[in-house]
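Working notes, structure below.
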Amino acid sequence: MDEFNRILEQTLAEFIAPTTAAYAMAAIGLNLHFGYTGLLNMGQAGFMLLGAYGFGIATMAGLPFPVAILVALAAGTVFALILGMPTLQLRGDYLAIVTISAAEIIRWIGRSTWLQEWTGGASGLQGRDYKDSFHATSPLGDGRMALGPLEYINTGSDSWWTRIFAWGLVALVLLFVWLITRSPWGRVLKGIREDEDAVRALGKNVYAYKMQALVLGGAIGALGGVLYALPLAIAPDAMSRTMTFFVWTVMLLGGAATVFGPVLGSMVFFAAYMLMRTGMRAVADNTGIGDVITTSNVEQIGGMLVGVTLMLLVIFRPQGILGNKRELAFNAH
Amino acid sequence: MTADRPTRATVLRRTAAALAIALAPLAVATPLATAATGTGTSTGVATTTATGVPTTTTSDVATDCKPDDTTACVAAFVLTDENERIPDVAVTITGPDGFSAAFTTSSEVQAVAVPTSGQYTATIDPTTLPADQPLPEGAPAELEVTAQTGGVARAAFRVGADAAAPPAQSETSSAPADDGQEAATDAGDGVGAAPEGDASERSFSWGQVWQQIGSGLRFGLLLALASIGLNLIFGTTGLSNFAHGEQFALGGALGYLTINTMGMSIWLGGLLTIAVCALTGLAQDAGIWRPLRRRGTPIMQMMIVSIGLSIALQFFIQFLIGGGTERILTSNPRPWTLLGITLSAASWISMGVAVVCMVAVAWFLTRTRIGRATRAVSDNPALAAATGIDPDKIVRIVWVVATGFAALAGLMWGISFGAVNWQLGVQLLLLMFAAVTLGGLGTAFGALVGSILIGLVVELSNLFIQSDLRYASALVILILVLLFRPQGILGRRERIG
Amino acid sequence: MPTDESITTTPESVADTAAAAAVAPVTTHHQQVLAKLATVDHVPGAAKPDAIITADHVTRRFGGMTAVDVDHLEVQEGAITALIGPNGAGKTTFFNLLTGFDRPNQGSWTFQGRSLSGKSAAAVAKIGVVRTFQLTKALSRLTVLQNMLLASTHNPGENLWLSWLPFTWQKHEKAATEKAMEILARFKLDTKASDFAGSLSGGQRKLLEMARALMTDPTVIMLDEPMAGVNPALVQSLLGHIQALRDEGMTVLFVEHDMHAVRHISDWVVVMAEGRIVAEGPPASVMRDQAVVDAYLGAHHDTDLGDDSLLDPKILARLEAEEEKR
């Protein structure tokens, strides 16, 4: 029974985990790209990694916390501009190949010895090197606090303050995205998603709108990278294609082109992922299945299930949990 | 219908972006020149320290390698935070073609001769470190270095409680410990930089370029064998199959299981691997892709389905062979020298098989009825269907052929390069995309040309940039091609309007 | 009725004008336009009294093939001009060039004396030349009303910086909604305002596309095959709408295959073949022009292009089949 409670507790914890918030944030950005504008960004992890580096390196250079956040946003913006300028006029799948490649280039440069002085090479940046300025912003002080079964320290990496800050930022960005996507500006984006030539024929500068969406979504992705780095460290290899694909899964699970889809998707995804892994581990430890499926296989089976979930989701419920079947974001042509 | 052809302004924008991207690798050379000299330590006279060897496949070696025009050396040493060498640490050097050598460190630098240029991995056994000098938390116990003829590639490990804090991060207490890589790759990467330091370590020879062209051709041919399938699938169905990299890795993984673990002969194991993988293609088409085509699923949706499949397969491969790097063949490779290029016998045979397979594909596509039908489906599926060709049948054949060749390529890759791991597919997929885009998406023979070019770029790029950025260089080229010639080298610009 | 003062005009064209006048409900505006057009020579590239669009030496090549090679063309302001020609004559490509959706190899064109060459599609639309597409581009997963509102010009809410402040654009949005509902009512789409555009029938989509174009208050509206795929029951009302646009003072340029429609509503017909303009003139006279008959039908010299029998799908199918064999 204790075991069962522990599993439930861990699952519950995932709903409000800072990492869940980070993925939600990245998925909000991706939703702006894909859900609203139809841009196939396959390199969201690249935006996140750049955001994390921007924040971490700026902090280590002695810049105050809010400025470091701005640096992260600027990094995402510049990356989006560089990617968008040449590719937004090409066919959609070219953007996919360019973004996935560019994200990999960022990772390889980050882990290479070339810029090791700043990026820390393959082992990345240690959390303690850049977290102090964030912890200093905490109004909660020291000590621990329990809320129901969840108990964390007030200030620190895996703390209440990290959670409050991350989810507060997500709420703020969500409000902003909600406002802009229900505006005439958001309507133009949806028009572009449907048929950019039609929108062009009505006198709208499609290129400019696509660029705005790419930059905004990319900057939000970079912010997601900062949130991801706050409770952990900045490790380039942890932020590669698998992360991008997880963000896609999160967005599609919640429902593309919906406001709360990314947040709900992230919560459901990570809670289910945790439940599955802890559950399997418990089963493997306590029953005869453990002889067949060892604890170390749990991660692998979990990963396989994520892949299969993504496939089934896209095939059978492409509109996700919250989406409207008639307004799903996949283009019919 | 619309032609988003570049106006003068967009050309300018593209050029600016391209320059920004292109400058990145160029800039690499600059910090290198300084990095290389700073960390270079004297080679000294090596004492031979033959030791007990941990694995049966590893040979005792002489550790007094001296680089010359035909010899490449890999050195490994373990440094304390006071830059003193720690003796008696067990080191294993593994590399392409199944090369493996083990020795223990001494107070001098130990260098072993390696058969070919290429990537080598130096691994230390942390248990042999002195108790007061542990490997810092998070620091790798293995380093990858690039060996070049005429140079010594050094792998420097840093240990100790305050290990290896590089000057810039001296306030940290457990900084990453792989800064040895800076020194490690100096032999190759220093070429093109100012000729400082030990001349014998940074000599540039045309023989070395020739050797790397050979490696590039090997890379390119195997890549081509894998990408032909990707291109055929794209041509006939329009799908950019993100799971194709895993099909490649699956070939290597099953090869490892059948040949190494189960002990089958290489031919039996190889055939079985290819058959099983081709069956996965058949099953995939029947179970996933054909039903989706029937439902008229948008291609973008199918692409994301293939991403899901790629994630699932990737973890499945990890499930099969674990998270480490495995060798398919356990015997030491025999080097063969042809036209002045030294590669392992297995590599030469793999290249030969790849060439034969590609000739067969060419013959199939141009001379057989089904092959011509395949090209017809690529050109215009509706028209092909109207002329009595069954596109479903063609696509099924394409899936079988594509997955079969991917498996063969993955298997031969594992044998030639000496190692398979679960990330192989992820690594190769983008290079395959680069190759087919370079050659022209969907064009029948574009994949070959593009692959050879990518192979050469990857293998030759470490003459100019750091070896750990060599895959990045291929992707930079991919992006440049997309910007300036989106239809690829062999592709035709589509008629617009 | 206008008097025929042109030297080259044949008595035939008087009959043309009379015929056109008889078919269409004649307004004063229309009479003026016809009077002006009556003075124009029936030759390719003829000068018009009030040319709103003028194109010069426009060529577009695809590989070795020249798709468009227009030496000179003037489009009369306030008239309905039809652009006809056999398949592959370059009509749509020419449309794409004029509206900035394609770039020519060479050539220039002006709108109200201002150069349009090299302008982007969006810029062309902003100036007041709005087009529709051969394959309708209704934005399926937007509602009919959203489709209309999207076309509203100078909407402050379409600026990213203002978009998140609803009070900056709500006034405009309200006015635009009223205007959109008015136009929708005219096209009998007002009851569908909150439906997804994807749920409309083919003909309704054509109407929506035209209604959407009107939201921009265009000076020139360019319609690419407005009758294609439209239910015959809707054709008549569609034709009526197009005439109404002209009567409101808009210039209409349209590409069409339906000869009945062309004969019925156009004031002027321009014939293209193999990328060139081969004839110009009022509908009835142009369709009897030998060059047009040659270019258009090849072997079918005896067929009157204005013949309503061409509306018969069976006959059309036979003609097409013969064309294939040739």
request  = Beyond 22 Å between alpha-carbons counts as too far, so tell me which of A:Lys204/C:Lys91; A:Lys204/C:Lys119; C:Lys179/C:Lys206 fall in that bin.
outcome  = A:Lys204/C:Lys91
key: Sum of side-chain charges, C:Val129 neighbourhood, beta-carbon under 14 Å (Lys, Arg +1; Asp, Glu -1)   = +2
ask   = So, in nm, how far is label A:Asp2 from label B:Glu142 when the simple model puts each one 7 Å beyond its Cα toward the Cβ?
value = 3.9
ask   = Roughly how many Å² is the accessible area per residue of the stretch A:2-327, as a whole number, for a 1.4 Å probe?
value = 32
task = Considering only A:Val226, A:Val268, A:Val250, give the residue with the highest GNM mean-square fluctuation for chain A, with springs between Cα atoms whenever their separation is below 10 Å.
result = A:Val268
note = At q = 0.18, 0.19 Å⁻¹, the log10 of I(q)/I(0) for the stretch C:139-199 from a Debye sum over equal Cα scatterers comes to -0.64, -0.70
query = Among B:417-427, B:243-253, how do they line up from the highest to the lowest mean number of other beta-carbon atoms within 10 Å?
reply = B:243-253, B:417-427
inquiry  = If I take R0 = 22 Å and measure r between the Cβ atoms of A:Trp178 and C:Ala185 in this structure, what FRET efficiency does the formula 1/(1 + (r/R0)^6) give, to the nearest 0.05?
reply    = 0.10
request  = Once you've got the GNM for chain A with C-alpha springs shorter than 10 Å, pick whichever of A:Ala213, A:Ala68, A:Ala198 has the biggest mean-square fluctuation.
outcome  = A:Ala198
query = Rounded to the nearest 100 Å², what is the sum over both chains of accessible area buried where A meets B, with a probe of 1.4 Å?
reply = 5700
ask   = Top to bottom by accessible area (1.4 Å), largest first, where do A:Arg193, C:Arg61 land?
value = C:Arg61, A:Arg193
key: the stretch A:2-327: mean projected area of Cα convex hull, nm²   = 18.0
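Please give the average number of partner chain Cβ atoms lying within 10 Å of the Cβ of each residue in C:116-128, rounded to a whole number.
Rounded to a whole number, the mean comes out at 4.
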query = If one computes the Cα centroid of the stretch B:425-465 and of the stretch A:220-247, what distance in Å separates the two points?
reply = 28
query = Considering every residue in C:151-162, what mean count of other chain Cβ atoms within 10 Å of its Cβ is obtained?
reply = 5
task = Along Cα→Cβ, 7 Å out, is where each label goes; now give me the distance between the ones at C:Glu248 and C:His57 in nm to one decimal.
result = 3.9
message = With just the Cα atoms defining each centre, how far is the stretch B:334-407 from the stretch C:177-244? Give it in Å.
response = 51
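Would you tell me the mean number of C-beta atoms belonging to other protein chains that fall within 10 Å of each C-beta in B:455-468, as a whole number?
If you average over the peptide's residues, the count of other-chain Cβ atoms is 1.
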request  = Work from the charge dipole of the stretch B:240-361 (Cβ charges, +1 for Lys and Arg, -1 for Asp and Glu, about the Cα centre) and give the residue of B:Gln247, B:Leu329, B:Trp267 farthest towards its positive end.
outcome  = B:Gln247
ask   = With each pseudo-label sitting 7 Å past Cα toward Cβ, what's the B:Phe364-A:Val67 distance in nm, one decimal?
value = 6.2
query = Under 16 Å from the 7 Å Cα→Cβ point of B:Phe484, by amide nitrogen: which residues of the stretch A:76-93?
reply = A:86-87
Residues in the stretch A:114-130 occluded by at least 50 Å² - accessible area, probe radius 1.4 Å, against chain by itself = A:Trp114, A:Gln116, A:Ser123
query = Given the options A:Gly261, A:Gly217, A:Gly127, which has the most mean-square fluctuation in a GNM of chain A, springs set between C-alpha atoms less than 10 angstrom apart?
reply = A:Gly127
query = Relative contact order (percent) for chain A, with alpha-carbon contacts under 8 angstrom and 6 or more residues of separation?
reply = 33
task = With a 1.4 Å probe and all protein chains in place, put A:Leu40, A:Leu73 in order of accessible area, largest first.
result = A:Leu73, A:Leu40
ask   = Ignoring ligands, DNA and RNA, how much accessible area is buried between chains C and A, both sides summed, with a 1.4 Å probe, to the nearest 100 Å²?
value = 2800
ask   = How far, in degrees from 0 to 90, does helix A:2-16 lean away from the longest principal axis of the Cα atoms of chain A, to the nearest 10?
value = 30
Per residue solvent-accessible surface (Å²) - the stretch B:291-375, probe of 1.4 Å = 47
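The values are calculated or read from the model by the stated rules, or taken from the named source; none is laboratory data. Model, not experiment: these values are computed from the prediction. Note: ideal-geometry Cβ built from the backbone for every residue, glycine included; neighbour counts use all protein chains shown. These accessible areas exclude ligands, DNA and RNA; they are computed on the full protein's heavy atoms, side chains included. Shrake-Rupley method; radii C 1.70, N 1.55, O 1.52, S 1.80 Å.
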